[in-house]
Every structure is written in C-alpha cells, then in structure tokens.
Amino acid sequence: MFLVVWAQVLFLDGKDRLQQRLREHELDTECLVNLTPRQFVMPGLVDCHIHSPQLAITALGTDKGLLDWLTTYTYPAEARFADHDFAHQAHHKTVRRTLRGGTTLASYYSTIHTDTTLLLCQAADELGQRALVGKVNMDLIAPEFYRETTQQSVAETERFLDEVLSYKSGLVTPVITPRFAPSCTLPLMTKLGEIAKERNIPIQTHLSETVEEIETVMKLHPGHQSYTEVYDAAGLLGPKTILGHCIHLSDKEIDTLKSRDCGLVHCACSNNTLRSGVMDIRRLMDRGLKLGLGTDMAGGYTTSMLASIRHSVDVSNMCAIHSHNKQRQNGEHQQASNHTTDGSPPYRPLTMAEAFRLATLDGSSVLGQNCGNFEPGREFDGLLIDPEVKDSPLDLFDFDTPDDVVQKFLYTGDDRNISKVYVQGREVVSRTE
Ligand code: GUN
Ligand code: FE
C-alpha cells in the first residue's frame, strides 16, 4: 500500500491511510471496500463567487457588456425573487446543481430580498452544502423595481444577520454583500463596513471588473484615487473581505489589497464571456495575495468548478502567449539562463496543480473555512471520483499513471465521474440515487 499525493489528492492505492482518515471523520468507509484502483478521493471544490438567482439567465445575454447585461438581464431576473415560491424552487435548484458538480463550499450572492435569501440558506442547509450567503445591498444605480433606500438596506441586512446567526447552522455563514460601488452609496458601504467589523462578519463584493465600471465608480464617488480606495474609505477592506474579479488593478491598489489581507477571486469564465478583461493571476500570486476561483454564474455560463479550473489555466496560457509575443516584438529572446534580455524571468502560466489548489485549499482559506484538504484537524469535504464509470467522458489507457488519471479527470471529467459528495463527513450526493 502506498499513498500517492497529487496536490492533496489521495489515491485509494493508499486505502489504509485514507480509511483511517475517514474514520477520524466518522465517515462510513464501507463504500470504499470495493473500489477500483483508479477511483480516488479528492477535496471538494470551492466556488468563491456565484450568484444563485442567476441560474435562470445562464448563457443569456452574453453579447452584452457587464453594465448593459446587468440592466437588461440580471436585475429583472433577480427581481423575481420577491416571490417566495419561485425563490424556494430556484435556490434549491442552484444548490442541487452546484453540489452535483462537486462544489462542497460556495460563497453565494442572493438578491436584495431578505426573506427569500433565507430560503437560499435553508436550501444549503437542507441539501448539505457549506455556504456563505449574502443578501445583496443596492441603494444607488439600480432600476426603480429593484432597489432599496439606504435605511431599508441597513435594517434588512441587520435582520438577515440576526436570522441566520440565530439559526445556528453548522453549514451556513452570512456574508455582507454590497453589490458593487456603482450600486451603493458611500454612507451605505460605510455603515455595512461598521456592521461587519462589530459583528465579525465577512464581506463580499465586486472590484474592477470592467473599464466602464471603473469610470462609473470614479464619477459616482469623486475624491478618490481608485476603485479600491473607494472601498477602503468605506472600511470594507479587511482579512474577511472577498473581492470578485479584480482584473484592472494598479500596483498601488494591489499593495492596498495585500496590506488589508483581502481575498481575491478569479472568475475566468465570466471575464471571458462578458469580455470584461484578462486577469493576470500570476501577477497577483507573485505579490502573495490570497486567491481563489469563482464561477460567477451567470456572468460565467457554468456552475462547474472543474470548468473554472480549466478556464483559469486557459486564460493564464493566453497571458503567457501574449507576454512571449510582446518580448519577441521587442526583439528579446529567451536566453539559455531562461531569462529575457531585460533580466526578467519568462512568464509562468498557471499549472493545473496550482489551479486545483486554488479551487480547493486556497478557496477555503479565502472564505475563512477549515476545509480544502485532508490534513488532520480539517473538516472532511470530499469527492469520490470514478474515472471509469460506464458513461465516463475520460479516455484512459492501461499505461496511464495515477497523475495522468487525475490530470485527465481535471481536463475532461464531469458530473458523471463524481460518484459521491461528502460535506462535513456526511454523504450529501450519491450518483446511484
Ligand atoms: N457586478 C455587479 N453585479 C454583478 C453581477 O451580478 N455579476 C457580475 N459578473 N458582475 C457584477
Ligand atoms: Fe459576480
């Protein structure tokens, strides 16, 4: 028996060790007795940025830019969540979908409606997904039918926090969710920052997703040097702050985010789909920022975190190609020392192993949770992967190594290969159901 570790993946060649670990987590290990040598258990996937109410508009309006898409598709879709029955059904549908795809932990944006946002909390709790859930705040640029006054927004946030915290769910954490600076006044953001600090609650919002958005922010909130500075002035930036996108940041803004120890979320699918921009994750990794991945469904057209992993690698490869071409245009050639003529090292695109870590352990850390790998002391959120299931999309060969199998799963696998999903050691999805 030996244990093969591939970026925290535990192969069942190391069954004894794994079973011992699972027993520590009081997991029923019976299901592991007859495993094939190629089945493996990996940490659950962590989606650091997803909009539950946007499932209904998945893949729609992708010809629009962000601000146009929000007005035309998103706000009308979210306004439907005033309806209790519709919201109950729709939020359950999202959670069922994401869990089925192996997302064991997600940070959700809901809508401005407190009561139906509580239904999203209930869906996560009932279906067994670990979740951060936010009632969205909007008191500035927003349509008449989908906006709050500043007072309402603050009062409803307090009520939401009271409700969720009194519920004492082991799975659901409330998160304060000012949508983004164009749709929130500075007094609202400041008040939300104060509440977050007083009650030790995480905060999530969007930052620097498109150039048009940044221009809007600078007009709406004059007197600040940058978008990041607006949030900083409102007291929204801290170690429990989760910032989606962060594409167009200056070095100074990165310094501020680093000094505040914020978590940044790379939403590669959405950034491509809405043509928001190319986020250079290596630049942020090299600066030591806390990073995770997000689907940003429905800016992104899929709830799949496997797709997020692939998209983040694809985008990073594009950055590498772009950087290489630029160096060639500048007449620079890679030297034997592996350095360009100006002395800078060549661009290092994101590896699959790094993307995997971002989608598991790093995401868990951005969301302030104690899961993401199988180290002793961490809660057990895991997936049982069957690469050889009957309708598997994977093409395996006898000579594939365990590393090859994991790599093939991450690139070409899907829900069909996810046989079981465990959260807090409890089986919450079984493909035989
Ligand atoms: N910025 C503000 N709201 C949203 C949203 O719903 N989706 C995306 N992608 N960006 C936003
Ligand atoms: Fe988003």
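Once segment 41-51 is narrowed to residues that are away from ligand 1 (no atom under 16 Å from the Cβ) and touching a helix residue (DSSP H, G or I) at 6+ places or on another chain (Cβ under 6 Å), the residue that is nearest to T116 (Cα to Cα) is V46. Of all residue pairs spaced 6 or more apart or on separate chains, those with beta-carbon atoms under 8 Å, a first member in segment 203-223 that is over 15 Å from L70 (Cα atoms) and a second member that is open to solvent by 60 Å² or more (accessible area, probe 1.4 Å) and within 11 Å of ligand 1 (Cβ to nearest atom) are L220/I141. Across segment 296-307, the qualifying residues are those that are within 10 Å of ligand 1 (Cβ to nearest atom) and in contact (Cβ under 8 Å) with a residue 60 or more places away in the chain, and the one among them that is farthest from T94 (Cα to Cα) is G299.
Which members of segment 133-177 meet the condition of being of a type in the set (S, T, N, Q) and open to solvent by less than 20 Å² (accessible area, probe 1.4 Å)? Reasoning before the result, please.
Quick first cut of segment 133-177, residues of a type in the set (S, T, N, Q) only: 137, 149-153, 157, 166, 169, 173, 177.
Within segment 133-177, N137, S153, T157, T177 meet the criteria.
If the condition is being under 19 Å from L140 (Cβ atoms) and either of a type in the set (F, W, Y) or buried (at least 17 other Cβ atoms within 10 Å of the Cβ) (or both), then segment 68-78 contributes W69, L70, T74, Y75, E78.
Only one residue in T74, T62 is assigned to a loop (DSSP other than H, G, I, E, B), within 15 Å of ligand 2 (Cβ to nearest atom), more than 28 Å from M42 (Cβ to Cβ) and among the hydroxyl-bearing types (S, T, Y). Which one? Before the answer, list the steps.
Working: T74 fails: assigned to a loop (DSSP other than H, G, I, E, B).
Just a single option satisfies the conditions, and that option is T62.
Residue count for segment 218-245 under the criterion of being in contact with an Asp or Glu (Cβ under 8 Å, 6 or more places away or on another chain) and surrounded by 24 or more Cβ atoms within 10 Å (Cβ to Cβ): the result is 4.
In the set (1) open to solvent by 10 Å² or more (accessible area, probe 1.4 Å); (2) within 13 Å of ligand 1 (Cβ to nearest atom), the condition left unmet by S110 is number (1). Selection of first residues in segment 77-89 that are assigned to a helix (DSSP H, G or I) and of second residues that are open to solvent by 70 Å² or more (accessible area, probe 1.4 Å), restricted to Cβ pairs under 8 Å at least 6 apart or on distinct chains, gives the following pairs, ordered by first then second residue: A77/A56; A79/F145; R80/A56; H84/D115; F86/R80; A87/R80. When K197 is tested against the conditions (1) in contact (Cβ under 8 Å) with a residue 40 or more places away in the chain; (2) crowded, with 19+ Cβ neighbours inside 10 Å, the lone failure is (2).
If you take the residues in segment 380-433 that are aromatic (F, W, Y) and touching a residue at least 12 places away in the same chain (Cβ under 8 Å), which one is nearest to Q369 (Cα to Cα)? Explain how you work it out, then say what you get.
From segment 380-433, those aromatic (F, W, Y) are 380, 397, 399, 409, 411, 422; that's our starting set.
Still in the list and also touching a residue at least 12 places away in the same chain (Cβ under 8 Å): 380, 409, 411, 422.
Values: F380: 11, F409: 26, Y411: 26, Y422: 16 Å.
So, considering only residues that are aromatic (F, W, Y) and touching a residue at least 12 places away in the same chain (Cβ under 8 Å), the one nearest to Q369 (Cα to Cα) is F380.
Could you count how many residues in segment 93-107 are away from ligand 1 (no atom under 16 Å from the Cβ) and assigned to a strand (DSSP E or B)? Show your work before the answer.
Kept after step one, since they are away from ligand 1 (no atom under 16 Å from the Cβ), are these residues of segment 93-107: 93, 95-105.
Narrowing further to those that are assigned to a strand (DSSP E or B): 103-105.
Qualifying residue count for the region: 3.
The values are calculated or read from the model by the stated rules, or taken from the named source; none is laboratory data. Because the structure is predicted, anything quoted here is derived from the model rather than measured. Backbone-built Cβ (ideal geometry, glycine too); neighbour counts: all protein chains shown. When the accessible area is computed, the model is the full protein with side chains, heavy atoms only, and any ligands, DNA or RNA have been set aside. Shrake-Rupley method; radii C 1.70, N 1.55, O 1.52, S 1.80 Å.
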